[in-house]
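The values are calculated or read from the model by the stated rules, or taken from the named source; none is laboratory data. All values reported here derive from a predicted model rather than from experimental measurement. Reconstructed Cβ throughout: ideal geometry from the backbone, glycine too, with neighbour counts over all protein chains shown.
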Amino acid sequence: MNEPPRIECQGVVKRLTSGERELTILDGIDLRIDAAEFVAILGPSGSGKSTLLGLMAGLDRTSEGSVRVDGEALETMNEDQLAILRRHKVGFVFQSFQLLSNLTARENVVLPLDLAGIPGARDRADELLLKVGLGERGHHYPSQLSGGERQRVAIARAFGPRPILLLADEPTGNLDRDTGLEALDLLASLREEMGTTLVLVTHDQEIAGRAKRRIHIDRGRIAREERDDA
């Protein structure tokens, strides 16, 4: 039996109401992303790329069309089912890191592992912090870490439950150029090591160039696609 695509979007439309107007944010997105792919989604501000990522995560609902993750149709799931899917199959890396300020770096990585009921959570957290170069910084709080270090903790946290899919929304946006590229290299390295499908949203052509496949969105539609030769 063929493995289902990690993500499949069919006729995805997203509309929002603004005052008396109805705005179409996404307009008929058809997209398939297979297991272990590294895909960048590019577009200017307001093009709909972050909205598409939110739909892939089940954080928002389509107005029309279907989004499937690992063969499961998100529109048929209730909020509890979506939460379970995210907890066990989907990792996130955000521009703003989204670390809990009252937890240490190690505790931030341990938390999703505990929530998912994964045994050996503390050992797994220590292993990942070592992989991201923060083996000696696990006891520090986010306020005691640099921006690059905080994003490294966020990357370790995202990979903790060994997700089959990782969604990254402008993960280098709050970092200087060199630190951002280092974080991206780390993200790509762990993705390859674990065989994780990575979908990265960015407006930066150089960042997107690290992906093997690049999908350009303009005004809610796929404008073009580029793919590097294997």
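Quick notes on this one:
- Of all residues making up region 22-75, the number that are among the basic types (Lys, Arg), in a strand (DSSP E or B) and touching a helix residue (DSSP H, G or I) at 6+ places or on another chain (Cβ under 9 Å): 1
- Among residues of region 78-116, those that are at positive phi and in contact with a Ser or Thr (Cβ under 8 Å, 6 or more places away or on another chain), counted: 0
- Filter result for residue 37 (crowded, with 17+ Cβ neighbours inside 10 Å, closer than 24 Å to residue 203 by Cβ and at pLDDT 95 or above): yes
- Subset of region 165-182 [assigned to a loop (DSSP other than H, G, I, E, B) and farther than 21 Å from residue 49 by Cα]: 176
- Among (1) under 16 Å from the mean Cα position of the chain (by Cα); (2) at pLDDT below 95; (3) under 24 Å from residue 224 (Cβ atoms); (4) not charged (D, E, K, R) - the single one residue 67 does not satisfy: (2)
- Residue that is surrounded by 21 or more Cβ atoms within 10 Å (Cβ to Cβ) and at positive phi, where the choices are 19, 120, 133, 48: 48
- Set 149, 136: member being out of contact with any Ser or Thr (no Cβ under 6 Å at 6 or more places or on another chain) and in a helix (DSSP H, G or I): 149
- Scanning region 209-227 for residues that are without any contact (Cβ under 8 Å) to a residue 12 or more places away in the chain, basic (Lys, Arg) and under 30 Å from residue 4 (Cβ atoms) turns up at least one hit.
Listed here are the residues, each with its yes/no results for (1) among the polar types (S, T, N, Q); (2) within 20 Å of residue 194 (Cα to Cα); (3) within 19 Å of the chain's Cα centre (by Cα).
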position	(1), (2), (3)
5	no, yes, yes
13	no, no, no
25	no, no, no
31	no, no, yes
40	no, yes, yes
72	no, no, yes
82	no, no, yes
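- Condition met for residue 191 (of a type outside the set (A, V, I, L, M, F, W, C) and crowded, with 16+ Cβ neighbours inside 10 Å): yes
- Applying the criterion of being farther than 22 Å from residue 72 by Cβ, within 20 Å of the chain's Cα centre (by Cα) and small (Gly, Ala, Ser) to the residues of region 90-122, the residue that is modelled with the lowest pLDDT is 96.
- Within the set 123, 114, 185, the sole residue that is touching a helix residue (DSSP H, G or I) at 6+ places or on another chain (Cβ under 9 Å) and assigned to a helix (DSSP H, G or I) turns out to be 114.
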